[in-house]
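Notes follow the structure.
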Amino acid sequence: MANENGNTQKAVGEKMSVDNAIATISRQRTRRQVSRRDAALFFILLAIILITANNWYLATHHVGWHGPQNSALFAALQASLVSDRIGSGSSSSSSSIVDQTGAYILSPICGGCTRSNSDRKACFDLVRRKQKKSGENASLVDAAIIIGAEREGCGLCDPAKCLRHYHVDGGQLDNTKSKYWRFDRSSPKFSKPTTFYLQSIPNELRIPPQRFGDIEKYFYERHNYTLQNKLIGMQYLLEYNPGLVVIPPLEKAKLPKEASYLVSLRVTPANNCFEQKVYSELPKDIWKAVYHTGTNHLGLALLDKNYQIIEGYETVIEMDVQLDLQRRTTVGSSLSPTFMDYRIFVLNGRIYLHANGETVHVTQLSLSMSGSDDLERTRYCDSIYIIGEHVPDGDMEKPCRMKSLYGGDKLEVAIGSQFRTIWSGGAYGKNYALFSIPNRTHPNAPDSIYAEIDIFPHHVHQILPDEHITISRQQVFERVWKPGTRKRRNFPIDIVNEREMKTVGNVTENRKDIPLPSFFNIDAHQDWFPGSDAPFKEKPHGGACCVSFSKDELNLGGTRNNHDESNLLVGIGHTKVTWKPWYGKDNVPQEKKDRVPHTHY
């Protein structure tokens, strides 16, 4: 609804802009006698305005962003077209031009320069400094060439070197402009986009849309309600951070025939859905209640081939409560939750649940339709994990059924055993990508399963997700203890921390340095956020893994016929935004704020 309103407002605004332009021209015509030539110019100008407005609307509608961000994005793009003193010191013409397709901006300054570093200094900052020292007539390109020759790590600032680096055939040296791709024109096309909304969550736990305008007051009210009724956690829920897998054949046989996908969701009061100013101005106790909530449920739903939730086949589960892993807390406390983000993976034809705690915990999931015989003899988890009581190791290896907090009318969920912990990334690891690789020498053998612990530097470890060794509580303490914190602990989650997942061999490490991207977006353009102004942190995390591409698919473009492997696994990660302290200040122009995201991207 917000997007539709935003786009309607933009369309109205654009129409008003056209009407104003027509009115202005009409007033000019009434002041003097209009010749035939003036009339012709009038209609030409009107046609240009209408075409421009229409293209502008289509572009902003395609982006689908809120409020003023669309206009700011394109205003900044237009500004980049008229930047001067790039190619030559006295030239008044622009050296940054938009390609005829509009998909990218061309510039003689290489993206490899705006994102390279030399001895922890941004190469483009050095280029700017060199240009300034060289005088008013100094060319940015000339300064870039000098820095490219003088500073180690800044070689790609030389446009000719940049072209040779990014083109296998060396490129045409008489055309040394680099491409900066526009997000709105070159991003992948969306297929069957949807928003997941769990109907099973009660309406009284939803934030009413009419409260979006005074959300600060709503947070106050919810916090006071929690205290007055001696409840644990804020009494509202949102769902986000979806994980998606194709339902494997062994599970699909137990589910309705239209079920194609399983989606996992984090269901929690914790959120970052509103303006940053809303949260920064909250009193400390309310801010903690919003962010440091112990309420983090697992949402699961079956989807059809069009990514729509199949009615009735959804559930919200309190994982930590039913496994006796919830941290003991009191009214008004702000302890972090036992589990935070949930993600799902298919490994060797089975579905595995990945949860972030103090590090990464994994267990196997099993699904069935309610009332079927598949799980009839499987005990409920809370009959094994009784709060405060010891559970024998043998019982932890038994599968158990989870009860639904909400939903579950048609969908039953079981876990294969108590969680196991991946310690390969040390304490406080999170968001590992789990993937499997076929056994080349024994095609009929199970796939080898791996956890990608980190991307830069690249850490990968082969794991055995259904096996573990037991470590002592003292070993757990030594791994998670931080200097300056108390030297004792006794959390229920330590039962899981003691179950260290078995691994094969050592952690594989390579590629310690973050490589430069193979292409650049407009945020790297010299008129946007080059050098030390880069808005995104380089280290990606989260995301999903893995999509397999064959050799033929990789070489389809025809430019780089150098993929000799049988396939390549491609993962998707997201990067955090570097916090800008000026973002919440009123004296900073809104256009500048709109051009850079201020939360996770």
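Give the number of residues within region 457-477 that are among the polar types (S, T, N, Q) and outside any strand (DSSP E or B).
First, pick out the residues of region 457-477 that are among the polar types (S, T, N, Q): 462, 470, 472, 474-475.
Filter once more, keeping what is outside any strand (DSSP E or B): 472, 474-475.
Residues flagged as among the polar types (S, T, N, Q) and outside any strand (DSSP E or B) within region 457-477 amount to 3.
Return a yes/no flag: does region 555-568 have any residue that is part of a helix (DSSP H, G or I) and either at pLDDT 80 or above or open to solvent by 70 Å² or more (accessible area, probe 1.4 Å) (or both).
Within region 555-568, the first condition is being part of a helix (DSSP H, G or I), and the residues that meet it are none.
No.
State the number of residues belonging to region 216-235 that are open to solvent by less than 40 Å² (accessible area, probe 1.4 Å) and either in contact with a His (Cβ under 6 Å, 6 or more places away or on another chain) or without any contact (Cβ under 8 Å) to a residue 40 or more places away in the chain (or both). Before the answer, list the steps.
Quick first cut of region 216-235, residues open to solvent by less than 40 Å² (accessible area, probe 1.4 Å) only: 218-219, 223, 226, 233-234.
Going one step further and asking which of them are either in contact with a His (Cβ under 6 Å, 6 or more places away or on another chain) or without any contact (Cβ under 8 Å) to a residue 40 or more places away in the chain (or both), we end up with 218.
Residues meeting the conditions: 1.
From the list 357, 407, exactly one residue is under 21 Å from residue 243 (Cα atoms), in contact with an Asp or Glu (Cβ under 6 Å, 6 or more places away or on another chain) and among the small types (Gly, Ala, Ser). Which is it?
Details: 357 fails: in contact with an Asp or Glu (Cβ under 6 Å, 6 or more places away or on another chain).
Checking each option against the conditions leaves just 407.
Among residues belonging to region 97-117 that are part of a loop (DSSP other than H, G, I, E, B) and either aliphatic (A, V, I, L, M) or farther than 26 Å from residue 537 by Cβ (or both), point out the one that is modelled with the lowest pLDDT. Don't jump to the end; show me each part of the working.
As a first pass, look at region 97-117 and keep what is part of a loop (DSSP other than H, G, I, E, B): 99-103, 108-110, 115-116.
Applying the additional criterion that residues be either aliphatic (A, V, I, L, M) or farther than 26 Å from residue 537 by Cβ (or both) yields 99-103, 108-109.
Details: 99: 53, 100: 48, 101: 61, 102: 79, 103: 85, 108: 88, 109: 89.
Looking at the filtered set, the residue picked out is 100.
Just to be sure I understand the filter: pairs with C-beta atoms under 6 Å, separated by 6 or more residues or on different chains, first member in region 198-215 and among the hydroxyl-bearing types (Ser, Thr, Tyr), second member at pLDDT 95 or above. Which pairs pass?
What qualifies is 200/314; 200/406; 200/407.
What pairs can you find where one residue is in region 334-360 and within 16 Å of residue 265 (Cα to Cα), the other is in a strand (DSSP E or B) and of a type in the set (D, E, K, R), and their Cβ atoms are less than 6 Å apart, with a gap of 6+ or different chains?
341/266; 342/266; 354/343
Can you say whether residue 543 is at positive phi, surrounded by 13 or more Cβ atoms within 10 Å (Cβ to Cβ) and at pLDDT 70 or above, as far as the supplied structure shows? If you could, list the steps in order and put the result at the bottom.
Numbers: at positive phi: yes; surrounded by 13 or more Cβ atoms within 10 Å (Cβ to Cβ): yes; at pLDDT 70 or above: no.
Here the answer is no, as residue 543 does not meet what is asked.
Condition first: outside any helix (DSSP H, G or I) and surrounded by fewer than 20 Cβ atoms within 10 Å (Cβ to Cβ). Now tell me which residues in region 118-138 satisfy that. Steps first, please.
Let us first name the residues in region 118-138 that are outside any helix (DSSP H, G or I), namely 118-122, 134-138.
Within region 118-138, 118, 119, 120, 121, 134, 135, 136, 137, 138 meet the criteria.
Given 358, 314, 281, 275, which one is open to solvent by less than 50 Å² (accessible area, probe 1.4 Å) and modelled with pLDDT under 95? Steps first, please.
Numbers: 314 fails: modelled with pLDDT under 95; 281 fails: open to solvent by less than 50 Å² (accessible area, probe 1.4 Å); 275 fails: open to solvent by less than 50 Å² (accessible area, probe 1.4 Å).
Only one candidate qualifies: 358.
Would you point out which residue out of 426, 371, 388, 408 is surrounded by 20 or more Cβ atoms within 10 Å (Cβ to Cβ) and either aliphatic (A, V, I, L, M) or on the phi > 0 side of the Ramachandran plot (or both)?
408
Could you please find all residues in region 429-441 being in a loop (DSSP other than H, G, I, E, B), open to solvent by less than 30 Å² (accessible area, probe 1.4 Å) and touching a His at 6+ places or on another chain (Cβ under 9 Å)?
First, pick out the residues of region 429-441 that are in a loop (DSSP other than H, G, I, E, B): 429-432, 438-441.
The next check asks that each one be open to solvent by less than 30 Å² (accessible area, probe 1.4 Å); those that pass are 429, 431-432.
Result: 431, 432.
Of all residues in region 236-260 being assigned to a loop (DSSP other than H, G, I, E, B) and open to solvent by 50 Å² or more (accessible area, probe 1.4 Å), which is farthest from residue 208 (Cα to Cα)? So that I can check it myself, show each step before the final result.
Here is the first cut: in region 236-260, the residues assigned to a loop (DSSP other than H, G, I, E, B) are 236-237, 247-248, 253-260.
Adding the requirement that they be open to solvent by 50 Å² or more (accessible area, probe 1.4 Å) leaves 253, 257-258.
Numbers: 253: 39, 257: 35, 258: 33 Å.
The extreme case among them is 253.
Just checking: which of the strands (runs of 3 or more DSSP E) contained wholly in region 282-376 hold 1 or more residues that are among the acidic types (Asp, Glu) and more than 26 Å from the chain's Cα centre (by Cα)? Steps first, please.
On the way: elements: 297-303, 309-317, 342-347, 350-356, 360-369.
Qualifying strands (runs of 3 or more DSSP E): 309-317.
The values are calculated or read from the model by the stated rules, or taken from the named source; none is laboratory data. Note that the structure is a prediction, hence the values are computed from the model and not measured. Glycine gets a Cβ as well: all are built from the backbone with ideal geometry, and neighbour counts include every protein chain shown. For the accessible areas, the whole protein counts, side chains as well, though only heavy atoms, and no ligand, DNA or RNA atoms are used. Shrake-Rupley method; radii C 1.70, N 1.55, O 1.52, S 1.80 Å.
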